[in-house]
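Just so you know, all these numbers are worked out from the coordinates, no wet-lab data involved. Computed from a predicted structure; not experimentally measured. Here the Cβ positions follow ideal geometry from the backbone for every residue, glycine too, while neighbour counts run over all protein chains shown.
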Amino acid sequence: MKKRDNRAEISELAASEDGVFTSGQAARFGIPRYALSQSAKAGYIERVGHGAYRLTSAMDDGLDSLRAVYKLTSPEAFTYERRGAGFDGVAACGATAAYVLDVGDLRPTPWEIATPTRFNSRREEVHFRTERLAMDDVMWVRGIPVTRPERTISDLVAADLDLSLVSDVFLDSLRSYGSGPFDISKLVSLLGAKSYQRLCAASGLEHGGPLELVRLDELGHVAIRRVGTSASV
């Protein structure tokens, strides 16, 4: 009897996992290991990492390698199980988070991943950092948990990154997320008043600078505009 190739199930699993899935997830989904091997040999799927796959016909948005790294930290768990109340503390952070959030112009690799306990790996394309993150430190972007803009900025400052580079991340975060998930009060709390003022100065937001910060409400939402104008920039 000819073995099934399980392509329909593989396609369904890939779609539910934002394009990248693990062999552990496939087993739980009822897809036998031989079907993965068979599909790989036929060119239907391709390996993204040891034990991680994607459909060869799918477009890679540049994050499939990161998705594989994240999923392989808990290879048998489905992503929906790791979200919400099941959040396990694993998330992209630092320059990688900034890249996924599309703020600043930092090199995102090797991928930076925060884990609550030490995670050993010999993979050169990823750097695991032991750090405890709470659920409110993280947001989900294209199926990947990343540190929120405030936490990302504070982590970059703590890493002693050139402040001119951090200021680009800061300004882009204000433009993209200032009226939504960004909370300026939380950023001040994470940085401390002195570091926050230094960041504002480097970003042209200090008193007398070309830009000013406008608070939109009491929830920490903000916008930036040029001094002497009413238009946001």
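Students often forget the sequence filter, so: which aspartates and glutamates lie under 13 Å Cα-Cα from LYS71 once same-chain residues fewer than 8 apart are removed? Correct list for LYS71: GLU17, ASP18, GLU81, ASP88. If R0 is 22 Å, what FRET efficiency do you get for THR117 and SER16 from their C-beta distance, rounded to 0.05? The computed FRET efficiency comes out at 0.20. A crude spin-label estimate for the pair ARG83 and VAL227, with each label 7 Å from Cα along the Cβ direction, gives 4.4 nm. For the stretch 61-168, the relative contact order works out to 26 percent when only alpha carbon pairs closer than 8 Å and six or more residues apart are counted.
The label-point distance for ARG132 and LEU219, in a model that sets each label 7 Å from Cα toward Cβ, rounds to 2.9 nm.
With a cut-off of 8 Å between alpha carbons and a minimum separation of six or more residues, what is the relative contact order of the stretch 1-60 in percent?
Relative contact order for the stretch 1-60 comes out at 34 percent.
Please list, by residue number, every one of the chymotrypsin sites (Phe, Trp or Tyr not before Pro) in the stretch 1-88 that is coil in DSSP and has at most 13 other beta-carbon atoms within 10 Å. Display every interim value, and only then the final one.
Values: sites: PHE21, PHE29, TYR34, TYR44, TYR53, TYR70, PHE78, TYR80, PHE87; in loops: PHE29, TYR44, PHE78, PHE87.
Counting only loop positions with at most 13 other Cβ atoms within 10 Å, none of the chymotrypsin sites (Phe, Trp or Tyr not before Pro) in the stretch 1-88 qualifies.
Secondary structure note: in the stretch 39-156, about 60% of the DSSP beta bridges are antiparallel.
Summing +1 for each Lys or Arg and -1 for each Asp or Glu among the other residues whose beta-carbon sits under 12 angstrom from that of ARG148 gives -3. When you restrict to C-alpha pairs under 8 Å that are six or more residues apart and normalise by the size of the chain, the relative contact order lands at 12 percent. Label sites at GLN197 and THR56, each approximated as a point 7 angstrom past Cα along Cα to Cβ, lie 6.1 nm apart.
Taking the chain, how much of its Cα-Cα pair set, in percent, is spaced more than 33 angstrom apart? Each step should come with its number before you reach the end.
Details: 7649 of 27028 pairs.
Tail of the P(r) past 33 Å holds 28 percent of the pairs.
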